[in-house]
Amino acid sequence: MAFWTNDGREVVPRLVWLIDARYSTPAGAAERMTFGVDAENGELRYATPETFGLNRTAWSMNYNSANFPNSLTWLWNEGFPSSAVPAALSAYQLSQKPWLTWADVLMQYDDFEIVAHHPASHSSWYSFASPTTHWLLFGDFMAYELDAVAHEYGHGIYRPKMGPAPYKWWDEYHAANEFYGDLSAVVTDIRDRGGAIEHTWKITSDVVRNLKAPTTVVGDFRDWYPNRRFVGLSSSVAYSNSTIFGHALYLLISGGYHARVGGSAHPNSGTIPAILVNPTNSALVLQIFGVALLDMSIAGTPMNGPNLRAATVAAASTVAGATVAANVGNAWAAVGIGHACSAPPSVPTFEIQPEFCRGRHTITWSTSPNVKYHGELVRHPYSFDVADSVVDGTMNSCVQNVGGLSRFRMRACNACGCSAWSLPSTMQYYPICY
Ligand SMILES: [Zn+2]
């Protein structure tokens, strides 16, 4: 139902069919639009054109302290660089590259958002999201590097589509958010250079991540989905897991085998399998991931590895056909999504044995092959929204020292997903040792 009005004087309800349409032109341009057709007379009443909005305001940003923004200079309204600001034109040219990269993708941009890193130094990074003002804040040093800027544009594409960020850093929403940032960086880099080079797969000149060989970079970067990380209170969990998706992207564009093929497939008992992925045009890959993101957004599909695999395979099938779709599936299989499983594990059961001394409790559970266990502990009043992850691995027991009334819960995860959480059990602090 839609409502027509003549300057607000009277309102007329009309039944309108909303038609979701995709099309492409012989020149290769592709759009996705929603048409509203009047149900009574068939007239076209409404259309949302694809708009790559060039209407956001960009400011400079010099980050020095907690008081930010402390130095803002207007650089441009997108499409209209400010020649009055010396740095503006070069920054404008830089910013143009990622937005033109995404402008070729089959999806709508009307709710595009920009975020930006603005480091105070090479060793200190900050990110800033501005869904209301749509500012692009430029910092110093690496913030002016193309892949840093393009990475933020990737967040700007992802976040409005996937909605508000969940509280927990282990939620794969966050890993995929960082992945879409790196996807944007890599494809912008390839587009800008006319092809991939070795450094295309390294994010920034400091190599904060390497999608070609994730585990070679200092940090806890993962490359095998069954071994994704759960414990951690900071964004490092998201970056650790993002490179699993990132390595699949590398394989999909460059082709080849997993970086550690034949190596340990922890927690699976075997080795990382030799699954050959064929090289795929990077612009097509970006389009597939754009369509997948839009489809997941429309369907309200939760973001995680198996769902992203399914969505990109379906998108590839629509956009490029069965052969490319199979290759996309192989890229995900090569990093272990869906490996050695047909469904998520069942909910684990555990026993808590109090030791009656300073809150020590031993928790035990039985294990299954190829499964990681994820446990959370929370103090009274038991909001698991703010629980700490305290178990992440293939172990069958752990010891928790609780300082008061606390609750513990677990779930089990494999390469097909995670079980539901168990019911929580309560632990209590006993002050007497004997
Ligand atoms: Zn990021």
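Laboratory data are not the source of any read-out in this text; all were calculated from the coordinates shown. Owing to the predicted nature of the structure, the values given are computational and were not obtained by experimental measurement. Every residue, glycine as well, gets a Cβ built from its backbone with ideal geometry; the counts of neighbours run over all protein chains shown.
The residue that is surrounded by the fewest Cβ atoms within 10 Å (Cβ to Cβ), among those in the stretch 181-222 that are among the small types (Gly, Ala, Ser) and in a loop (DSSP other than H, G, I, E, B), is GLY194. One residue stands out among those in the stretch 282-301 that are without any contact (Cβ under 8 Å) to a residue 12 or more places away in the chain and of a type outside the set (A, V, I, L, M): the one that is nearest to ILE244 (Cα to Cα), which is THR301. Filtering the stretch 223-238 to residues that are surrounded by 20 or more Cβ atoms within 10 Å (Cβ to Cβ), within 15 Å of the chain's Cα centre (by Cα) and part of a helix (DSSP H, G or I) leaves TYR225, VAL237, ALA238. Once the stretch 144-180 is narrowed to residues that are within 13 Å of the ligand (Cβ to nearest atom), touching a residue at least 60 places away in the same chain (Cβ under 8 Å) and crowded, with 24+ Cβ neighbours inside 10 Å, the residue that is nearest to PHE384 (Cα to Cα) is ALA175.
Are there any strands (runs of 3 or more DSSP E) wholly within the stretch 388-434 with 2 or more residues that are in contact with a Phe, Trp or Tyr (Cβ under 6 Å, 6 or more places away or on another chain), and if so which?
On the way: elements: 388-393, 397-401, 406-414, 425-427.
Correct list: 388-393, 406-414.
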